[in-house]
Amino acid sequence: MDLQAILAELKRSTDTFGPFIREQAERIPDRPALKFEDGTVTYGAYNQAVNRLAAVLAGAGVTPGTPVAILCLNSPLFLAALGAVAKCGAVGALINTHVTGAGLAYVLRASGATVGLCDAHALTGLAGVAGEHPVRFFADAPAGEALPPGVRPLAAHVPAGEAPEPNIPD
């Protein structure tokens with residue numbers, strides 16, 4: 001393997017993360033894309049998770065250039081959110097999960113986002129700043145968990161089965 005040739009090709013490439021995920025899923029769908037704790041996610045499964053989140057974002061009005069707040073611990077959800085944002089041509093506003101209170105409200109307002117994705121870990125912080133920012137979150141939280149105002153359950157909005165491949169912008 002010629003590392004210099006690979007790096008040179010990457011520098012010439014105009015591909016973005018969204019097309020890369022799709023191409024890997026087409027080429028090597030059963031190979032591991034992510035390993036996290038005790039689990040493994042294949043490229044095919046990762047691409048489908050990304051497409052389902054992209055469908056949620058598109059349904060919420062996300063278009064190319066739209067900021068999307070991502071408030072998740074480092075996890076497969078975080079990586080799927082990054083891929084979904086890329087496939088929508090949107091801009092990921094990565095929010096530090098350690099920021100709370102007035103700082104969290106400020107960062108959410110400053111992000112320019114009106115839509116966001118979060119995990120259950122973020123719910124306490126979001127409850128503390130409810131009504132102080134414009135972001136409406138989709139939360140990956142256990143069924144029946146109480147959600148703060150402005151937070152919707154992600155599972156209720158994710159399309160069942162395979163989601164279509166988004167029209168990835170150049």
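Please treat every number below as a calculation from the coordinates, not as lab data. Everything quoted here is computed from the prediction, not taken from an experiment. Please note: Cβ atoms are built from the backbone with ideal geometry, for glycine as well, and neighbour counts cover all protein chains shown.
For segment 124-170, rounded, prolate or oblate, judged on the Cα gyration tensor with a ≥ b ≥ c (square roots of eigenvalues), a/c < 1.5 rounded, else prolate if a/b > b/c? Since a/c reaches 1.5 but b/c is at least a/b, the shape of segment 124-170 is classed as oblate. Principal-axis analysis of the Cα atoms of the chain puts helix 101-111 at an angle of about 50° to the longest axis. Taking the longest Cα principal axis of the chain as reference, the axis of helix 3-12 is set at about 60 degrees. Using the alpha-carbon positions of the chain, Rg (one decimal) and Dmax (whole number) come out as 16.7, 53 Å.
Backbone phi angles across segment 145-156, fed through the Karplus curve with coefficients 6.51, -1.76 and 1.60 (θ = phi - 60°), yield HN-Hα couplings of 5, 5, 10, x, x, x, 10, 10, x, 4, 4, 6 Hz in residue order; Gly and Pro are listed as x. Secondary-structure-derived ellipticity at 222 nm for the chain, considering helices only, amounts to -12000 deg cm²/dmol, per-run term -39500 (n - 2.57) for DSSP H runs with n ≥ 4. Need one word for segment 40-87: rounded, prolate or oblate. Basis is the Cα gyration tensor (sqrt eigenvalues a ≥ b ≥ c); a/c below 1.5 gives rounded, then a/b vs b/c decides. Oblate is the answer for segment 40-87, as a/c is 1.5 or above yet b/c matches or exceeds a/b. Which whole-Hz ³J(HN,Hα) couplings does segment 122-139 yield from phi under the Karplus relation 6.51 cos²θ - 1.76 cosθ + 1.60, θ = phi - 60°, glycine and proline marked x? Once θ is set to phi - 60°, the couplings for segment 122-139 become 7, 4, 4, x, 5, 4, x, 10, 4, x, 9, 8, x, 7, 9, 9, 9, 10 Hz.
Once both axes come from the Cα atoms, what is the angle between helix 43-59 and the longest principal axis of the chain, in degrees from 0 to 90, rounded to 10? Approximately 40 degrees, to the nearest 10. The H on the amide N of Leu117, modeled in the peptide plane, is under 5 Å from the matching H of Ala69, Ile70, Leu71, Phe138, each at least 5 residues off or on a different chain.
Summary: within the chain, the longest segment free of GluC sites (Glu not before Pro) located in DSSP loops with at most 13 other C-beta atoms within 10 Å is 38-144. Using a cutoff of 8 angstrom between alpha carbon atoms and counting only pairs six or more residues apart, the relative contact order for segment 21-170 works out to 23 percent.
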